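Trainee: Handing you this structure, nothing more for now.
Derivation of every value follows stated rules applied to the coordinates shown; laboratory data play no part. This structure is a prediction, so every number in the text was calculated from the model and none was measured. Reconstructed Cβ throughout: ideal geometry from the backbone, glycine too, with neighbour counts over all protein chains shown.
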Amino acid sequence: MGAIRVISTTTIQAPSHNNGDSPQIINLTPCDLQFLPIETIQKGLLFHNPINAQDIQIQIQQLKHSFSSTLAFFPPLAGRLAIVEHHDNTSTSHIVCNNAGALFVHAVADNTSVSDILKPNYVPPVVHSFFPLNGVKNYEGTSQPLLAVQVTELVDGIFVGCTINHVVADGKSFWLFVNSWAEISRGYLKVSKLPALERWFLDGTDCPIRFPFTKQEEKQHLEFFNPQSPPERIFHFTKEKIAQLKAKANAEASTNKISSLQALLTHLWRSVIRCQRHDPQEEIHYFMAIGFRSRMVPPLPEDYFGNAATFGGVTMKVRDLLEGGLGKCSWEMNKMIASYTDEKVKSHYESWVKTPRLLWLGSVASSNSLATSSSPRFNVYGNDFGWGKPVAVRSGGANKRNGKITVFAGSEEGGIDIEVCLPYEILEAMGNDLEFMDAISI
């Protein structure tokens, strides 16, 4: 495995039907604005490629055409951010749907095969080069595209890497776009699920929302924070093993409310803490993104396009986590997630508007905390662009810090894959943790 070769870089616009009207402006919510200082969302799909090498140019042109057609349904992704800095050291920001275009990169990885990515326990570093806009922060969307894709030819496959500005979309919105692009690529004339583009604001919110931010201060901050990307290991869990964990957790907690994912993440957390050998009295934390589209009263549209998630966390002492058993700790996670009601989400929203708090790059780098993103519910393996379904999903290098946990649907129905970013010695210790590995599909 070696470096990639970039064949072409193209700016793709939606088919324009603009007759000189002013571009649409989309004001941003607290859920959107908090992501300004950090990096983008990067997820990609790995395919076996049945197309002959001589037909690849036709394939690339078809992808570009369908990409353009799909952008017509997602005008924010073809636009740019605007950040207006005010005299009182606050800023406001919005999306300008001006059809400035999205980026399309065609590249070749001459010495990388599908098995080079699928077989290793650890994600090969070359995978990060399959994504565009590496190192770009969300606030740079004033000049950088809000969406970029890179189609990389492998020896026997294709990798489609997508980078989306996190201010514009969350994980659910990300996959809505990819699902729609795959549909158009297969010959659909329109997408089956139209994005709901209107942002949700609490009644009485003054728009645009002001928050403390200047580009100059952010650039100075970044000069002092440039951590190394940690190793990434993939753990595979089958439907049957997950069901066993769920049953065990519910039995131990004398309930039936603990979900498969809650039991699985708790199982993972306990292994990490065992391998890190913390002091028994030390407090440890597990943070996760909690989607609230269905939690609101009335609920937000299922295909709400934007950020509709908040962050929750469980804090425990090491001794309680390790001695409490899978059930007790899973139940604590369940109660935390269930506490995010309509009332609590709105209270957090009001609090943010009064005292804005932006995320920062070191927020998940602590040795005593884990943070989970993504979801096994996203439609990953339904993305057929016309040459079959993907065989794997991988993420890029954006926001990779020690303690970052990314959750994906498994390639087999009902399975879950978990990508763990931690120091190599901890990941190796997890691989030798018999209790943890008993639930792993090797």
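Trainee: Identify all aspartates and glutamates with a Cα-Cα distance to residue 190 below 20 Å; exclude those on the same chain that are fewer than 8 residues away in sequence.
Mentor: List returned: 198, 302, 303, 384.
Trainee: For residue 99, enumerate residues with amide H under 5 Å from its amide H, sequence gap 5+ or separate chain, H modeled in the peptide plane.
Mentor: For residue 99, whose amide H was placed from the backbone, the distant partners under 5 Å are 79.
Trainee: What's the center-to-center distance, using Cα atoms, between region 389-442 and region 117-194 in Å?
Mentor: The distance from the Cα centre of region 389-442 to that of region 117-194 comes to 20 Å.
Trainee: Once you put a point 7 Å from the Cα of residue 294 and another 7 Å from the Cα of residue 189, both along the Cβ direction, what distance in nm separates them?
Mentor: With each label placed 7 Å out from Cα toward Cβ, I get 3.3 nm.
Trainee: For residue 8 and residue 338, calculate 0.36 nm times their separation in residues minus their Cα-Cα distance, and state this gained length in nm to one decimal.
Mentor: Values: separation 330, 0.36 × 330 = 118.80 nm, distance 4.78 nm.
Between residue 8 and residue 338, full extension yields an extra 114.0 nm.
Trainee: Oh, and also: Can you give the helix-only mean residue ellipticity at 222 nm for the chain, where every DSSP H stretch with n ≥ 4 adds -39500 (n - 2.57) and the sum goes over all residues, rounded to the nearest 500 deg cm²/dmol?
Mentor: Values: 12 runs with 126 residues, N = 442.
So the calculated ellipticity at 222 nm is -8500 deg cm²/dmol.
Trainee: While we're looking at this one, here's another question. Which value, in debye to the nearest 20, gives the size of the charge dipole of the chain about its Cα centre, when Lys and Arg are +1 and Asp and Glu are -1 at the Cβ?
Mentor: Details: 39 positive and 43 negative charges, 82 e Å.
My answer is approximately 400 debye.
Trainee: Structure shown: which of 43/172; 248/335; 239/317; 335/400; 64/119 lie over 20 Å apart, alpha-carbon to alpha-carbon? Present the calculation step by step, with values, prior to reporting the outcome.
Mentor: Details: 43/172 12 Å; 248/335 17 Å; 239/317 30 Å; 335/400 28 Å; 64/119 30 Å.
Over 20 Å Cα-Cα: 239/317; 335/400; 64/119.
Trainee: May I pose another question? Sequence neighbours fewer than 8 away in the same chain don't count; with that in mind, list the aspartates and glutamates whose C-alpha is under 19 Å from residue 257.
Mentor: Once the sequence-local aspartates and glutamates are set aside, what remains near residue 257 is 240, 332.
Trainee: Taking θ as phi - 60°, what are the ³J(HN,Hα) couplings along region 194-206 by the Karplus curve (6.51, -1.76, 1.60), each to the nearest whole Hz, with x for Gly and Pro?
Mentor: Ordered by residue, 3J(HN,Hα) equals 6, x, 8, 7, 6, 6, 9, 10, 5, 4, x, 6, 6 Hz.
Trainee: Give, in nm to one decimal, the length gained when the segment between residue 259 and residue 111 is fully stretched (0.36 nm per residue of separation minus the Cα-Cα distance).
Mentor: Details: separation 148, 0.36 × 148 = 53.28 nm, distance 4.18 nm.
Full extension of this stretch gives 49.1 nm more.
Trainee: Using the Karplus curve 6.51 cos²θ - 1.76 cosθ + 1.60 with θ = phi - 60°, work out ³J(HN,Hα) for each residue of region 80-86 in order, rounded to whole Hz, and write x for Gly and Pro.
Mentor: Values, residue by residue: 9, 7, 10, 10, 10, 8, 9 Hz.
Trainee: Something else about it: Hey, what do the phi angles of region 161-173 turn into as Karplus ³J(HN,Hα) couplings, whole Hz, using 6.51/-1.76/1.60 and θ = phi - 60°, x for Gly and Pro?
Mentor: After applying 6.51 cos²θ - 1.76 cosθ + 1.60, I find x, 10, 10, 10, 4, 6, 5, 8, 8, 9, x, 5, 5 Hz.
Trainee: What residues have an amide H closer than 5 Å to that of residue 360, excluding those fewer than 5 places away on the same chain, when H is modeled at 1.01 Å from N in the peptide plane?
Mentor: When sequence neighbours closer than 5 places are left aside, there are no close amide H contacts.
Trainee: Amide H of residue 91 versus every other amide H placed in the peptide plane: which residues, excluding those fewer than 5 positions away on the same chain, fall under 5 Å?
Mentor: Under 5 Å from the amide H of residue 91: 86, 211, 213.
Trainee: Still on this structure, please answer the following. Based on the Cβ-Cβ distance from residue 412 to residue 82, what FRET efficiency comes out when R0 is 41 Å, to the nearest 0.05? Mind dumping the intermediate values first?
Mentor: Details: r = 44 Å, r/R0 = 1.08.
About 0.40, to the nearest 0.05.
Trainee: For residue 354, list the lysines whose Cα falls under 22 Å from its own Cα; do not include residues on the same chain fewer than 8 positions away.
Mentor: Those lysines meeting the cut-off are 215, 344, 346.
Trainee: Mind computing the radius of gyration and Dmax over the alpha-carbon atoms of region 259-320? Å is fine for both.
Mentor: 15.7, 45
Trainee: Moving on. I want to check the label-to-label distance for residue 279 and residue 121. Put each point 7 Å from Cα in the C-beta direction and report it in nm to one decimal.
Mentor: Label at residue 279, label at residue 121, 3.1 nm between them.
Trainee: Still on this structure: Quick one: go through region 341-360 and flag any residue whose amide nitrogen is under 20 Å from the point 7 Å out along the Cα-to-Cβ line of residue 320.
Mentor: none
Trainee: Evaluate 2.2 N^0.38 Å with N set to the residue count of the chain, then give the Cα radius of gyration divided by it.
Mentor: Working: Rg = 21.8 Å, N = 442, 2.2 N^0.38 = 22.3 Å.
Here the answer is 0.98, to two decimals.
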